[in-house]
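As structure tokens, the structure follows; a few thoughts come after it.
What follows draws every value from the coordinates through simple rules; no lab data is involved. The structure presented is a predicted model; accordingly, all values stated were derived computationally and were not measured. Backbone-built Cβ (ideal geometry, glycine too); neighbour counts: all protein chains shown.
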Amino acid sequence: MQKPQDIRIDDYDYPLPDERIAKYPLARRDASKLLLYRGGEISESTFSHLPEWLPADALLVCNNTRVIQARLHFRKETGALIEIFCLEPLAPCDYLMSFQTTGRCVWRCLVGNLRKWKQGPLSRTLRVEGRDITLRAERIDHTDSESHEIAFSWDDAGITFASLLEAFGELPIPPYLNRESEESDKVTYQTVYSRIEGSVAAPTAGLHFTPEVFAALQERDIPRLELTLHVGAGTFKPVKSDTIAGHAMHTEYISVSRETLLALATTTRRVIAVGTTSVRTLESLYYMGRTLVQHPDATAEQLVVEQWQPYDGTPDIPAREALLALVDYLDRCRIDRLVSATRIIIVPGYRWHIVQGLITNFHQPRSTLLLLVSALIGDRWHEVYDYALGHDFRFLSYGDSSLLLPSDPAKP
């Protein structure tokens, strides 16, 4: 039996013409096409009819993260343009605290045109909330690594970093759109239920939902839970190695309330994840809980899910037991929210624990997201994508959607 690490990325390739990549969304979110994969049968509908196609006992789980205006541009006195792409907060290391910081904060960032920024701070002045504010950026490290520690400081203690990002920043739309972000993207590249700021990419499966769709779900008594995973820039990172063993997954930060954990632990409904980010969060919760069952005194750092942890041969436990262990952990720590991180990779051979269905867009060839889809529906992904290509579906972030309901997620 093939080890997951030995999976060849060449086996997850398909031709995707540029004209099939949706550069802009449809005028109405829920007018997008919806591919249906239900028990092996493939058909199509429109997203506005999603509630009619979901199982009566479905439970939807959505990622309520909100995309921040993470791209900052500075121009040096020489005229060189430097782009700083904020990835994650370092000081303070909590997203909410960093956004509320006044005066100074430190972030891990990608830097464009780095060779033109040898030393010294960058600065830029803009009018923010009726005041002229100068924002400075200074490199703390001077390595040649992929990301860098950048200290931001500004000259008005009454202005938060969140306000500065809103004024100075640009929304980071996906690079494969091959265009600059536009004012309309500030609305269309956010889900209607986005609330918790921190992502640098949208959980795009949720972009199709509208208040009307949610009203129809409520009429059919299909409940919804929310959790948070802040999507990192690594979601666009291509697999460059021949086998998946050579691909390093990025770290993403999650936040799940005690109420949601308890609801997941006690539900008898079929859990349908809205998007791959919700999948990664839900399945990571299982491994965090399993760690606590095996090691009740585990620290918060030990709960972080490592890339290959699901394939280490450790015996499984019931998902309910794992989730209740997390609830007990929060109670012992006297906190009402689990905040942690995951580097999980879900590939063919993965054994599913919580997720039993998926709403998702159509993903790039040779991507870890396509591997996740294959882990859920097996080699039938070829037929699903061939159908989408042959029936004028629009691909990637602003494209159309699919509802994937395998009869048995553990054995597609």
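A simple charge model with +1 on the Cβ of Lys and Arg, -1 on the Cβ of Asp and Glu and nothing else charged puts the dipole of the chain at about 500 debye relative to its Cα centre.
Each 10 Å bin from zero holds the following percent of Cα-Cα pairs in region 353-412: 22, 59, 19, 1. Taken along its three principal axes, the alpha carbon spread of region 71-170 comes to 34, 29, 21 Å, from the longest extent down to the shortest.
Full extension of the chain between D379 and Q5 gives 132.9 nm of extra length, using 0.36 nm per residue less the Cα-Cα distance.
What per residue convex hull volume, in Å³, do the alpha-carbon atoms of region 16-105 yield? If you can, show how the numbers build up before the last one.
Numbers: hull volume 21.5 nm³, N = 90.
So the per-residue Cα hull volume is 239 Å³.
Using +1 on the beta carbon of Lys and Arg, -1 on that of Asp and Glu, and nothing else charged, what's the dipole of region 68-107 about the Cα centre, debye to 20?
Numbers: 4 positive and 4 negative charges, 31 e Å.
The dipole of region 68-107 has a size of about 140 debye.
Comparing F362, L72, P25 along the charge dipole axis of the chain, the residue lying farthest to the positive side is L72, per the Cβ-charge model.
Taking each full run of DSSP H in the chain as one helix, which ones are at least 30 Å long along their axis (Cα atoms) and have mean Kyte-Doolittle hydropathy of at least -0.5? Could the numbers behind the result be given before it?
Details: long enough: none.
Sorted by number, there is nothing, because no helix extends far enough and scores high enough.
If you average the alpha carbon positions of region 301-349 and of region 2-76, how far apart do those two centres end up, in angstrom? For region 301-349 versus region 2-76, the Cα centre distance is 25 Å. Cross-link reach is defined here as a Cα-Cα straight distance under 27 Å, omitting same-chain residues fewer than 8 places apart; for K237 the lysines meeting it are K3, K23, K33, K116, K118, K186. Expressed as a whole number of Å, what is the distance separating the alpha-carbon centroids of region 246-278 and region 132-206? About 25 Å separates the Cα centre of region 132-206 from the one of region 246-278.
Once every DSSP H run of n ≥ 4 in the chain is given -39500 (n - 2.57) and the sum is divided by its residues, what mean residue ellipticity at 222 nm do you get, rounded to the nearest 500 deg cm²/dmol?
-6500 deg cm²/dmol
Using only alpha-carbon positions in region 304-409, the gyration tensor eigenvalues give semi-axes of 32, 16, 13 Å once each is multiplied by 5 and square-rooted (largest first).
Dividing the C-alpha radius of gyration of the chain by 2.2 N^0.38 Å, with N its residue count, gives 0.99.
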